[in-house]
1. For the range 9-32, check the following and say yes or no: at least one residue is out of contact with any Leu (no Cβ under 9 Å at 6 or more places or on another chain), of a type outside the set (S, T, N, Q) and assigned to a helix (DSSP H, G or I).
2. Please enumerate the residues belonging to the range 47-69 that are buried (at least 16 other Cβ atoms within 10 Å of the Cβ) and not in a helix (DSSP H, G or I).
3. For the range 52-84, give me each residue that is under 13 Å from the mean Cα position of the chain (by Cα) and acidic (D, E).
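Quick note: the coordinates plus some simple rules give every number you see, no bench work behind them. What you are looking at is a predicted structure, and each value in this text was computed from that prediction instead of being measured. Positions of Cβ are generated from backbone atoms using ideal geometry, with glycine treated the same way; all protein chains shown enter the neighbour counts.
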Amino acid sequence: MSAKIRLKRFGTKKRPFYRIVVVDSRAPRDGRALDELGLYHPIEAGESEQLRFDEEKVREWLRKGAQPSATVKKLLNRSNVSVK
């Protein structure tokens with residue numbers, strides 16, 4: 001099984017928010033998650049309120065071999081969590 005760190009969409013039309021989750025790479029976008037790592041609210045006003053995640057959990061899953069999606073990789077790099 002290959003694990004991915006990606007976004008799971010919630011919210012209403014034109015008011016999305018996302019959970020940063022770890023899922024099996026074959027699972028659908030909004031399918032069952034193995035673990036929840038944080039939240040991303042792209043519409044929030046302050047940048048510090050847009051992204052919240054448990055850095056220790058993220059590092060643990062990266063050590064286990066989970067691959068972040070392109071969007072999650074960009075968000076983590078913006079928050080100074082080094083991703084290869």
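1. Among the residues of the range 9-32, not one is out of contact with any Leu (no Cβ under 9 Å at 6 or more places or on another chain), of a type outside the set (S, T, N, Q) and assigned to a helix (DSSP H, G or I), which makes the answer no.
2. L51, F53, A66, Q67, P68
3. D54, E55
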